[in-house]
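Trainee: Before anything else, here's the structure in question.
The values are calculated or read from the model by the stated rules, or taken from the named source; none is laboratory data. Not measured: the values here are computed from a predicted model. Every residue, glycine as well, gets a Cβ built from its backbone with ideal geometry; the counts of neighbours run over all protein chains shown. Only protein heavy atoms, including side chains, enter the accessible area calculation; ligands, DNA and RNA are left aside. Shrake-Rupley method; radii C 1.70, N 1.55, O 1.52, S 1.80 Å.
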Amino acid sequence: MNTARLLALAASLALAACGGGGSGSSAGSGGVTEPVLGPPSTSLVKASAASPYGAGCGGNLGGSVSYQNAEVEPYMAINPANPTNIIGVWQQDRWSDGGAHGLVAGASMDGGQTWTESKLKMSRCAGGNAANGADYQRASDPWVSFAPDGTAYVISISFTGQTLQPGSDGAVLVVRSTDGGLIWSDPVTLIRDGQSAFNDKEAITADPTDSHFVYAVWDRLTVDNRGAAMFSRTTDGGASWEPARAIYDPGVDNQTIGNEIVVMQDGTLLDLFVEIDGTSGDGATSTIKVMRSQDHGVTWTAPFTVARSLAVGTADPHTGQGVRAGAGIPQMAAGPGDMLAVTWQDGRFSNGDHDSIAYASSSDGGRHWSQPRRINSVAGAPAFTPTVAVLGDGTVGITYYDFRNDTAAATLPTDYWFTSSSDGVHWSEQHITGPFDLTLAPDALGLFVGDYQALGTVSDTFVPFFVQTNDAGTANRNDAYYLPPQPHPLRVSRHVTNVAVAGPQVEPGGRFRKRVHENLMRLLSDEDPVWEKIREERGAPPQQP
């Protein structure tokens, strides 16, 4: 994006944001000042480069489209032993019906100013074969974490064939690096299933209190209508992994999704997830829950409820084209002491008209939670895919996308924002980048930049790692970007006070309830044909394209 365009966009953003502030106030957002759109957009560093994978590698599963050079769904970790060492991971060359040619890691040794890419041996495109345990056509859902000793771990779901069909195969794989992300090991297989099950939405977390422990968690979907939360760990720094086991099974016709392990300062583990109940009916419901473990994952409590999840999903307001975003995938971060922060997309603040960014917190380690609060500043604009981090002093930072500057039907102008709070009530907002045209993104069952993005911390500063579309056209639709610590850290630019609070007994009705159910059905068909097949076997009517 050239400088002239940036200046023009900054001027239009200032005008648009004034109007947006008015709509926010009318919806109960309190006093709003005009934003100051400073220099962060011009300070972005592009972390991704041209794809290292050939256009035909891996093979087509049949009738799908490969978006060559398109990076999606990034995640990031910062080395606690050397904060200038950063690793970002992403899906490379996304397919329209699920997964990618492979995963790529970008490593920086100079605080995010320059990046070196590495193939991750988690698919055939990256050199996977039967001998090294990575003989799979596609890889997806990357996640990365650093142990205190500087060892990095990346996790993937890797698969071959049409899921649940004869000959299909899938696994959860882990690789590690001991040199800051430049050289990676062959993968370790945590679980491998054929056509009878599909492992999805995995995450990996190295224990920040002990380098021996690393935790992996995901959901395992089976043809007998279950979706248990699965767990595996290493107790020897990745030399070996325990057999995968279920730590929570919500029963027949129910499932978990979006499992993520967060470790508190005292070493307590939290597993955050969404439980979806009634997946084969016409009134599915979902609830955000957490479980606790105080023995490194050996035993777990029963789930504690954070809140109902009432996302309705995101779409182009002009064309109705779906935007595959983070609806149904919450994010959590731990703060000092017993503090926890959770954010997610939710339609409760607009009576189901569109999703906003919801926030809830706990001061007792996840046993009790505050009422959900809307923290995006422009109430009338759809907002989506939030990511959260917490500084050492308890300041909460959240990044998200929204459509507040969407005024042209031919494109879909989208912005990326940062908002922070020291008390969970009063929030200050800053523009990161945009508007960029989301219609250039890969169409992977909806315009897609990822079910999640990343937000880290360096000292007392928040640092985002995310994907946006660019000006290179359809030959290079997306790139991954990092915003290094700024001379003026991501802090106050727009004051947002007294944002809407939703009571704990929100119960959608009528059109709202229908939209929540429809969004859950879209969520359950997001990752290749697995969910359509499961729905058929459960006797539910097929989803329309």
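Trainee: Across region 245-270, what is the total count of residues that are open to solvent by less than 30 Å² (accessible area, probe 1.4 Å), more than 22 Å from the chain's Cα centre (by Cα) and under 27 Å from SER177 (Cα atoms)?
Mentor: 2
Trainee: If I filter region 405-443 down to residues being among the acidic types (Asp, Glu) and within 18 Å of the chain's Cα centre (by Cα), which single residue comes out as least open to solvent (accessible area, probe 1.4 Å)?
Mentor: ASP415
Trainee: Among the residues of region 203-215, is there at least one that is acidic (Asp, Glu) and assigned to a strand (DSSP E or B)?
Mentor: No, that holds for no residue.
Trainee: Restrict the check to region 239-251 and report whether at least one residue is closer than 21 Å to ILE78 by Cβ and out of contact with any Cys (no Cβ under 6 Å at 6 or more places or on another chain).
Mentor: Checked region 239-251: no residue is closer than 21 Å to ILE78 by Cβ and out of contact with any Cys (no Cβ under 6 Å at 6 or more places or on another chain).
Trainee: Moving on to the next point. If you go through region 416-425 one residue at a time, do you hit one that is in contact with a Lys or Arg (Cβ under 9 Å, 6 or more places away or on another chain), part of a strand (DSSP E or B) and among the small types (Gly, Ala, Ser)?
Mentor: yes
Trainee: May I ask you to verify whether ASP179 is open to solvent by 30 Å² or more (accessible area, probe 1.4 Å) and either within 24 Å of THR256 (Cβ to Cβ) or out of contact with any Lys or Arg (no Cβ under 7 Å at 6 or more places or on another chain) (or both)?
Mentor: yes
Trainee: Would you be able to tell me the number of residues in region 344-375 that are assigned to a loop (DSSP other than H, G, I, E, B) and closer than 17 Å to GLY326 by Cβ?
Mentor: 5
Trainee: Just wondering, is there one or more residues in region 156-167 that are in a strand (DSSP E or B) and surrounded by fewer than 22 Cβ atoms within 10 Å (Cβ to Cβ)?
Mentor: Taking every residue of region 156-167 in turn, at least one turns out to be in a strand (DSSP E or B) and surrounded by fewer than 22 Cβ atoms within 10 Å (Cβ to Cβ).
Trainee: Now for a separate question. Could you check region 251-280 and list, in sequence order, the residues that are β-branched (Val, Ile, Thr), under 20 Å from VAL223 (Cα atoms) and not in a loop (DSSP other than H, G, I, E, B)?
Mentor: THR256, ILE257, VAL274, ILE276 - these are the residues of region 251-280 that are β-branched (Val, Ile, Thr), under 20 Å from VAL223 (Cα atoms) and not in a loop (DSSP other than H, G, I, E, B).
Trainee: Does GLY111 satisfy the criteria of being more than 22 Å from GLY326 (Cβ to Cβ), without any contact (Cβ under 8 Å) to a residue 40 or more places away in the chain and not in a strand (DSSP E or B)?
Mentor: no
Trainee: Now for a separate question. Restricting to region 112-127, name every residue that is open to solvent by 10 Å² or more (accessible area, probe 1.4 Å) and either touching a strand residue (DSSP E or B) at 6+ places or on another chain (Cβ under 7 Å) or at pLDDT below 95 (or both).
Mentor: Within region 112-127, GLN113, THR114, TRP115, THR116, GLU117, SER118, LYS119, LYS121, CYS125, ALA126, GLY127 meet the criteria.
Trainee: Residues of region 175-221 being farther than 28 Å from THR84 by Cβ and among the polar types (S, T, N, Q), which ones?
Mentor: Matches in region 175-221: THR189, GLN195, SER196, ASN199.
Trainee: Just to check your reading of the model, which residue among GLY352, GLY366 is in contact with a Gly (Cβ under 9 Å, 6 or more places away or on another chain) and either in contact (Cβ under 8 Å) with a residue 12 or more places away in the chain or farther than 20 Å from PHE466 by Cα (or both)?
Mentor: From the options GLY352, GLY366, the qualifying one is GLY352.
Trainee: At pLDDT 95 or above and basic (Lys, Arg): does that describe ARG226?
Mentor: Taking the combined requirement at face value, the residue does not satisfy it.
Residue-wise test of (1) open to solvent by less than 30 Å² (accessible area, probe 1.4 Å); (2) at pLDDT 95 or above; (3) not hydrophobic (A, V, I, L, M, F, W, C).
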| position | (1), (2), (3) |
| --- | --- |
| PRO317 | no, no, yes |
| MET332 | yes, yes, no |
| GLY337 | no, yes, yes |
| ASN351 | no, no, yes |
| ALA358 | yes, yes, no |
| GLY365 | yes, yes, yes |
| VAL388 | yes, yes, no |
| ILE398 | yes, yes, no |
| PHE403 | yes, yes, no |
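Trainee: Under 8 Å between Cβ atoms, at least 6 apart or on separate chains: pull out the pairs that start in region 251-269 with a residue that is under 19 Å from ASN225 (Cβ atoms) and aliphatic (A, V, I, L, M) and end on any residue that is outside any strand (DSSP E or B) and open to solvent by 20 Å² or more (accessible area, probe 1.4 Å).
Mentor: Short answer, once both residue conditions are applied: VAL252/ASP224; VAL252/ASN225.
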